[in-house]
Amino acid sequence: MWAAHRGADGAVTGWEERGPDWRGFATGGAKLLFRLGPGDAPRICVTEAAIDAMSLAAIEHLRPDTLYLSTGGGWSPVTAAALLAVATTPGVHLVAATDNNTQGDAYAGRLVALAAEAGCSAERLCPAADDWNADLKKQEQETEERRREAECRMPAGRVKGEASPG
């Protein structure tokens, strides 16, 4: 998948790339912010990778009050400035939705500090697994297992071994 990073003006600055066995960023591109959702949302969820922003959005059923962002794992001065611009919007609540590991902890710390600098509220939201994509995959697997179980159940009107009606 390719996930475009855009500036506040909507111009594409680069894109995250991810396949089954690889991940990277567009050669010559600039990591800024991947954005999914309304630009004026009061709730801002920041992830490290676009796949995690999209996965969290799927888990939350794409909340209409939320802008899902990814920094592509980068924290350049322009990325920090773009995050600060979003966080200084009055009434914004920043959610550090980073990975459930030490790198995610450090990243969340930077985001919470940025929120304090911007004067907005902030919280940390952790996936149960290592990242939001793993949580989404597990959720989909459990849903599929429940669906299969429901399909395999014998109708209540029949007893095992009894011939089918007709």
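If the segment from Ile59 to Arg110 were pulled out straight at 0.36 nm per residue, it would be longer than the present Cα-Cα gap by 15.9 nm.
Taking neighbour Cβ counts within 10 Å as the exposure measure, how do Ser70, Ser121 sort from fewest upward? Could the numbers behind the result be given before it?
Values: Ser70 26, Ser121 14.
Ascending Cβ contact count within 10 Å gives the list Ser121, Ser70.
Here's the picture: charge each Lys and Arg Cβ at +1 and each Asp and Glu Cβ at -1 in the chain, and of Ala26, Ala50, Thr143 the one pushed furthest to the positive end of that dipole is Thr143. Hydrodynamic analysis of the range 2-104 uses the Kirkwood radius over alpha carbon pairs. Inserted into Stokes-Einstein at 37 °C and 0.692 mPa s, it gives a translational diffusion coefficient of 240 µm²/s. Dividing the summed helix terms, -39500 (n - 2.57) for each DSSP H run of n ≥ 4, by the number of residues in the chain produces a 222 nm estimate of -11500 deg cm²/dmol to the nearest 500.
Quick one: putting +1 on the C-beta of Lys and Arg, -1 on the C-beta of Asp and Glu, what dipole do you get for the chain around its Cα centre, in Debye to the nearest 20? Write down the numbers at each step before the final one.
Working: 17 positive and 23 negative charges, 54 e Å.
Using Cβ point charges on Lys, Arg, Asp and Glu, the chain gives about 260 debye.
Could you work out how far helix 102-118 tilts from the main Cα principal axis of the chain, as a 0 to 90 degree angle to the nearest 10? That works out to roughly 50 degrees. Listing His61, His93, His5 from fewest to most neighbouring C-beta atoms within 10 Å gives His61, His93, His5. Using 0.36 nm times the number of residues separating Ala134 and Arg23, minus their current alpha carbon distance, what extension gain do you get? Additional length available on full extension: 38.4 nm.
Its Cα centre serving as origin, the range 1-56 has a Cβ charge dipole (Lys and Arg +1, Asp and Glu -1) of approximately 60 debye.
For the chain, find the longest principal axis of its Cα atoms and tell me its angle to the long axis of helix 50-59, 0 to 90°, nearest 10. That works out to roughly 50 degrees.
Coordinate-derived values only; no laboratory data. Please read these numbers as outputs of a predicted model, since none were measured by experiment. Positions of Cβ are generated from backbone atoms using ideal geometry, with glycine treated the same way; all protein chains shown enter the neighbour counts.
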